[in-house]
1. Among the residues of region 258-268, is any modelled with pLDDT of 80 or more and open to solvent by 20 Å² or more (accessible area, probe 1.4 Å)?
2. Since ALA304 meets every condition but one in (1) among the aliphatic types (A, V, I, L, M); (2) over 16 Å from LEU14 (Cβ atoms); (3) touching a residue at least 60 places away in the same chain (Cβ under 8 Å), which condition does it not meet?
3. Hey, can you tell me all the residues within region 97-115 that are among the small types (Gly, Ala, Ser) and under 16 Å from the mean Cα position of the chain (by Cα)?
4. Counting only residues that are in a helix (DSSP H, G or I) and within 10 Å of the chain's Cα centre (by Cα), which one in region 116-147 is nearest to LEU396 (Cα to Cα)?
5. One residue is enough: does region 46-57 have a residue meeting the conditions open to solvent by less than 20 Å² (accessible area, probe 1.4 Å) and either among the β-branched types (Val, Ile, Thr) or in contact with a Cys (Cβ under 9 Å, 6 or more places away or on another chain) (or both)?
6. Of the residues SER382, SER345, which is under 30 Å from ALA275 (Cα atoms) and surrounded by fewer than 24 Cβ atoms within 10 Å (Cβ to Cβ)?
7. Which of the following residues is surrounded by 19 or more Cβ atoms within 10 Å (Cβ to Cβ) and either over 29 Å from GLY279 (Cα atoms) or β-branched (Val, Ile, Thr) (or both): ILE408, ILE319?
Amino acid sequence: MSGGLALALALITLALTLSAAVVRPRHVSEAAVAAAGALLIVITGGLSLHQATNAVRALGPTVGFLAALLLIAEGCRRQGLFAAVGALIARHCRGRPRRLLALVFLVASLVTIVLGLDATVVLLPPIVLVTARRLRTDTRAPLYACTHLANSASLLLPVSNLTNLLAFHASRLSFVRFAALMTLPTMAAVAVEWIGISRRFAVPAVPAPIEPSAGERAQGLPRFPLAVLALTLAGFALSSALDIAPVWIAVTRALAITAPVLRPRRAVLVALARAMEPGFLVFVLGLGVIVAAASRHGLGTAVADLLPDGSTLPDLLVIAVLSAGLANLVNNISATLILLPVAVSLGTGPVLAMLVGVNVGPNLTPAGSLATLLWRRVLQASGVQLANREFLELGLLTVPAGLVLATIGVWLALRLGL
């Protein structure tokens with residue numbers, strides 16, 4: 001197959017795969033579409049079997065890491081951590097909607113940073129929804145905070161987002177150095193989100209809230225999952241110094257937190273398998289093969305021609321904006337797979353600017369991030385439907401400023417030698 005035909009096939013397959021993730025047809029999963037697309041590319045010669053295997057092997061550690069983090073999040077849920085957090089929010093918001101929003105910002109940021117953005121968009125919105133309804137206030141601001149912070153607050157740690165994991169493995173930065181360089185960008189992005197969301201949604205006067213029950217008032221945070229999370233973060237921070245791959249830290253902690261529920265019962269094993277979202281993992285692997293084919297047959301060269309090859313502030317701003325645009329066009333994971341090889345060849349600054357684009361940028365449109373799509377499904381299951389136009393208006397209010405300020409944060413961190 002000629003290069004032009006191979007590129008066209010890869011782009012069409014990519015479009016169909018992403019459409020399946022957005023539309024989610026009733027009888028066909030996005031994982032099946034991605035796997036079928038990858039198989040079609042191999043059969044037609046878009047990639048050799050060896051090249052496709054290499055693409056899957058390159059993503060393997062990252063996908064395994066993500067599966068372990070999802071198990072840790074599920075273990076925290078089973079141990080009652082999220083229920084306790086919901087009770088804590090209800091107890092401390094004291095009938096004040098603005099305080100509720102501030103607490104949601106704090107909790108969503110912490111959950112995203114420590115457990116990853118999937119935990120934020122899946123486990124937090126139902127808790128936030130119940131608390132906001134109990135307060136008898138508008139649910140939109142705290143619900144939008146969940147998805148916006150799942151994207152923006154995920155800048156901080158390599159484990160907070162699949163895009164970060166991909167860049168972390170490719171850039172060979174240490175865990176601590178990555179976090180140090182991304183502290184200023186994360187603070188800037190979260191600050192912009194607070195200003196945008198708190199001002200976009202006026203806080204109305206509310207009637208007397210429904211008070212939390214005595215059991216909720218007395219409920220404290222469970223110690224075991226908190227200890228596991230603390231040990232996990234400590235292990236990640238020391239992994240580079242100990243020359244241990246972070247995936248093994250995540251796997252051991254996942255086993256530790258799931259051990260109390262591990263019994264030879266089919267229901268438990270099935271629940272744990274579902275918690276790892278195998279369909280999503282297959283989708284990512286299939287997407288990796290499809291994007292590898294597109295990049296090999298001309299897309300990678302086109303992207304390399306567009307990106308500036310320096311690390312000045314204007315260069316980093318251009319990289320962040322282009323990355324954000326591509327993320328909203330083809331989804332942030334696809335954009336990362338396309339941009340990362342070029343960004344890595346340009347240095348640390350371009351890699352981090354790209355991450356600003358693919359993490360903050362997807363807040364512009366409902367389809368820019370797979371996490372946002374998952375957030376919308378969770379809300380629909382709870383009977384909540386938010387307008388696409390409102391999502392876009394909020395994105396226009398926060399994304400441009402977030403991109404600029406977070407990229408300036410990257411530039412300053414590099415200049416300061418962090």
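The values are calculated or read from the model by the stated rules, or taken from the named source; none is laboratory data. Because the structure is a prediction, the values reported are computed rather than measured. Quick reminder, even Gly has a Cβ in these numbers, built from the backbone with ideal geometry, and neighbours come from all protein chains shown. With ligands, DNA and RNA removed, areas are computed over all heavy atoms of the protein, side chains included. Shrake-Rupley method; radii C 1.70, N 1.55, O 1.52, S 1.80 Å.
1. Initial filter on region 258-268 (modelled with pLDDT of 80 or more): 258.
Retained after the next criterion (residues that are open to solvent by 20 Å² or more (accessible area, probe 1.4 Å)): none.
Scanning region 258-268, I find no residue that is modelled with pLDDT of 80 or more and open to solvent by 20 Å² or more (accessible area, probe 1.4 Å), so the answer is no.
2. Just one mismatch for ALA304, condition (3).
3. Once the filter is applied, which keeps residues that are among the small types (Gly, Ala, Ser) and under 16 Å from the mean Cα position of the chain (by Cα), region 97-115 yields ALA108, SER109.
4. THR147
5. The answer is no; no qualifying residue exists.
6. One residue alone meets the criteria, SER382.
7. Numbers: ILE408 fails: surrounded by 19 or more Cβ atoms within 10 Å (Cβ to Cβ).
The match here is ILE319.
Matching residues to (1) in a helix (DSSP H, G or I); (2) out of contact with any Pro (no Cβ under 7 Å at 6 or more places or on another chain):
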residue: ILE12; (1), (2): yes, yes
residue: VAL28; (1), (2): no, yes
residue: VAL33; (1), (2): yes, yes
residue: LEU39; (1), (2): yes, yes
residue: VAL56; (1), (2): yes, yes
residue: CYS76; (1), (2): yes, no
